[in-house]
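One structure is given below, encoded as structure tokens.
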Amino acid sequence: MSIDYTQKIPNNVQLSDDKQLQRALEKWQPHFLDWWKEMGPEGFQQKDVYLRTATSVDAKGWASYGMTKMPDYRWGIFLADQVPDRKIGFGDHMGEAAWQQVPGEFRSDLRRLIVTQGDTEPASVEQQRLLGQTCPSLYDLRNLFQVNVEEGRHLWAMVYLLHAYFGRDGREEAEELLQRHSGDRNKPRILSTFNEPIDDWLSFFCFTYFTDRDGKYQLKMLAESGFDPLSRTCRFMLTEEAHHMFVGETGLGRVIKRAVEVMNEIKSGDPAAVRGAGAIDLPLMQKYINFWFSSAQDLFGSDTSTNAANYFANGLKGRPDEDQYQDHVAKDATYEIEEVGDDGSIKTVAIPLRNAMNVIARRAYIKDCDIGVQRWNRVIKKAGVDFALKLPSERFRRTVGVYAGHHFTPDGKPVAAAEWEARKYGWIPSPDERAFVKGLMRQVTEPGKIAGWIAPPDRGINNLAVEHEYVRL
Ligand code: BYC
């Protein structure tokens, strides 16, 4: 279905047929814009940026690219087309017609899921607001802003659901989404990872690779929801999300490519020499991967979760790609997870399958994360360098779930707290290493020029040259 751009709020949900809802959202719109101007990308609000805008929600819908000032971006409400006669695909309501309204008994759970999802979107924009000041190229600057405006759009997606289906408390939640802020001492964002500033580009690429991929998996689970408007919203969000992970995967790939180029130029693999030549050495890349991968894993919640079991039983949140499973009711089955003894020893235990939905999703996520790692390793190998990156164990550095409160090496071996403390900067970036990375971050904005710590991209955006002036400063 094509999107109506003649309306104040672009949409494909016939918003003008529901005057009350339209008025409520038009009242929220200026509050959103004020938030964007205050908390969004700092310093570039009046610059023209080469951005894409959705024109329809099908695969061909990304046709429109053009120069836009970010506050003029047409944020709106886009749902994937309705699947006729869609049935609930899992849980105790399996086979019943998908709900077009919120069932009273699931109202608070659904609201909570939507608010948690919605809260991460503006949080990420806030976390990244200063990054433009240190962009490695105009190409990267443009990608940052594309990610930012789309996260803003994802906030609209959740706010639409709150306004349209949750009445007054939905409208109040929508206001709250603009009032909590990343890192705010009194009103922080809901999930802890979203309260950490992302103030260097290596962290930004790790965030878009690892944290946005949690977003992908959570959206996949919500796309299975029996609440049809949520499912349709998430299905369209997933098409936008793909670009964010592209930014992460290619970004990290380019940092790695530059590292091996420099190693070959200086004929040394010594990390200090690589750093001295202005690149980020591979062992340090590994530490950033260890840090971000472990923190993203916590976003899946506890390994054994009655919340997750209830969401599944009630048809609110399925498994990612639920179609691939045989048994969609999952009532009598069990799933093996690990349990950690007081001495750090590991035992495998079987728990009811429904309680294990967070681990199931997390393990699918881990497999997906590994695809990029293997791709990067091919770049390293092709350059003739003997080094392989790898994802740390799922036990490493966890603060949520069965491994929390225990200490493990990146290989998953238990260690005492004191040993972990003594060795941790062998595994995650030390303050000095973070300072080194930050020190490399100097703004490069001449078209076609690129910072020395990262290789140029293989191609530009939408068939344009890499040298294109993607942001007019
Ligand atoms: N931090 O049974 P449990 C994205 C709480 S990212 C703080 O273990 P459950 C994006 C939990 O709330 C995806 N608290 O977990 C990426 C519960 O509290 P109560 C965002 C946490 O509920 C980049 C208690 O611990 N989407 O889209 O099964 C850029 C026990 O809960 C955390 C969603 O998260 C944590 N990490 O699962 C932009 C989807 N983990 O009940 C965007 C919606 C758990 O004791 N959210 N807790 O007060 C959910 O489905 C679930 O809330 C979670 C947790 C998966 C987060």
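Overview of results
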{"quantity": "Any hit, the stretch 31-49, residues being touching a helix residue (DSSP H, G or I) at 6+ places or on another chain (Cβ under 9 Å), part of a strand (DSSP E or B), free of Cβ contacts under 8 Å to residues at least 60 places away in the same chain and under 15 Å from Q146 (Cβ atoms)", "calculated": "no"}
{"quantity": "Residue among E249, E240 that alone is at pLDDT below 95, under 30 Å from A157 (Cβ atoms), within 21 Å of the chain's Cα centre (by Cα) and assigned to a helix (DSSP H, G or I)", "calculated": "E240"}
{"quantity": "For Y335: the one exception among (1) away from the ligand (no atom under 13 Å from the Cβ); (2) touching a Pro at 6+ places or on another chain (Cβ under 9 Å); (3) over 30 Å from V379 (Cβ atoms); (4) in a helix (DSSP H, G or I)", "calculated": "(4)"}
{"quantity": "Count of the stretch 427-465 residues which are in a loop (DSSP other than H, G, I, E, B) and either closer than 21 Å to I280 by Cβ or hydroxyl-bearing (S, T, Y) (or both)", "calculated": "19"}
{"quantity": "Any hit, the stretch 54-63, residues being within 15 Å of the ligand (Cβ to nearest atom) and farther than 28 Å from P447 by Cα", "calculated": "no"}
{"quantity": "First in the stretch 10-29 and farther than 16 Å from M158 by Cα, second anywhere and at pLDDT 95 or above, Cβ under 8 Å, 6 or more apart", "calculated": "S16/Q22; D18/A164"}
{"quantity": "Residue in the stretch 57-65 that is at pLDDT 95 or above and surrounded by 13 or more Cβ atoms within 10 Å (Cβ to Cβ) present", "calculated": "no"}
{"quantity": "Condition met for E394 (touching a residue at least 40 places away in the same chain (Cβ under 8 Å), away from the ligand (no atom under 14 Å from the Cβ) and touching a helix residue (DSSP H, G or I) at 6+ places or on another chain (Cβ under 7 Å))", "calculated": "yes"}
{"quantity": "Leading residue by the ranking (nearest to the ligand (Cβ to nearest atom)) among those in the stretch 88-99 that are under 21 Å from Q218 (Cα atoms) and assigned to a loop (DSSP other than H, G, I, E, B)", "calculated": "F90"}
{"quantity": "Subset tally (residues that are away from the ligand (no atom under 16 Å from the Cβ) and either without any contact (Cβ under 8 Å) to a residue 60 or more places away in the chain or open to solvent by 50 Å² or more (accessible area, probe 1.4 Å) (or both)) for the stretch 236-268", "calculated": "9"}
{"quantity": "Number of positions in the stretch 165-206 that are assigned to a loop (DSSP other than H, G, I, E, B) and either on the phi < 0 side of the Ramachandran plot or aliphatic (A, V, I, L, M) (or both)", "calculated": "17"}
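The values are calculated or read from the model by the stated rules, or taken from the named source; none is laboratory data. On a predicted model such as this, the values are computed, not experimentally measured, just so you know. FYI the Cβ positions are ideal-geometry reconstructions off the backbone, even for glycines, and counts take in every protein chain you see. The protein model used for the area step is the full one, side chains on, heavy atoms only, and it has no ligands, DNA or RNA in it. Shrake-Rupley method; radii C 1.70, N 1.55, O 1.52, S 1.80 Å.
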